[in-house]
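Below is one structure, written out as structure tokens, with a few remarks after it.
The values are calculated or read from the model by the stated rules, or taken from the named source; none is laboratory data. Small disclaimer: the values here were computed from a predicted structure and weren't measured. Every residue, glycine among them, receives a Cβ derived from its backbone with ideal geometry; neighbour counts consider all protein chains shown.
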Amino acid sequence: MQIIEIMEKTFIAESGDVALYLAMSKKAADEGDQETARYLYDVAMDEAHHAADFAILLGKVKDTRSNVSMMLEDEIRSEKERGQAANIALAEGDKEAFQYFEKSMHDEIKHKAGLKVILSKLQEKD
Ligand SMILES: [Fe+2]
Ligand SMILES: [Fe+2]
């Protein structure tokens with residue numbers, strides 16, 4: 001049972017590393033160091049694969065239709081949360097945070113739309 005807890009923590013740690021390495025890759029690219037940017041990007045993808053392996057081990061991944069349904073709900077929730085956060089950022093005068101929350105929200109809307117299309121195609125097959 002202890003190993004399950006460790007795997008959950010590892011999944012979270014690996015997922016966090018994906019974001020950090022990706023952010024650091026973007027930073028290196030902004031600084032003009034494309035070689036380091038590419039390496040950091042590759043490490044980010046390795047960490048993403050590690051996280052994915054633990055997601056599978058932990059039973060977070062079901063059949064595709066269930067996965068898409070679950071993530072559609074998640075995107076709907078994310079869209080709402082990013083929108084609310086954008087409003088808070090705006091009210092507090094944090095323009096940069098506002099822009100990032102707005103961008104995220106628009107991406108969540110795209111994800112939601114894409115997942116809806118996939119889900120309806122999967123339902124047609126039944
Ligand atoms: Fe890792
Ligand atoms: Fe999303």
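Residue-wise test of (1) surrounded by 14 or more Cβ atoms within 10 Å (Cβ to Cβ); (2) in a helix (DSSP H, G or I); (3) within 13 Å of ligand 1 (Cβ to nearest atom); (4) under 16 Å from the mean Cα position of the chain (by Cα).
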residue	(1), (2), (3), (4)
Tyr39	yes, yes, no, no
Ala44	yes, yes, yes, yes
His50	yes, yes, yes, yes
Gly59	no, no, no, no
Val68	yes, yes, no, yes
Leu72	yes, yes, no, yes
Arg77	no, yes, no, yes
Lys80	no, yes, no, yes
Can you tell me which residue in the stretch 1-37 is surrounded by the most Cβ atoms within 10 Å (Cβ to Cβ), limited to those that are of a type in the set (A, V, I, L, M) and within 17 Å of the chain's Cα centre (by Cα)?
Val18
Starting from the stretch 101-112, take each residue that is in the same structural domain as Ile88 (by TED's automatic domain parsing) and list its partners that are of a type in the set (S, T, N, Q), counting only C-beta distances under 7 angstrom and pairs at least six apart or across chains.
Glu108/Ser78
Checked the stretch 76-120 for anything away from ligand 2 (no atom under 13 Å from the Cβ), under 26 Å from Arg65 (Cβ atoms) and small (Gly, Ala, Ser); matches are Ser120
For the stretch 92-117, which positions are surrounded by 16 or more Cβ atoms within 10 Å (Cβ to Cβ) and over 12 Å from Arg82 (Cβ atoms)?
Leu115
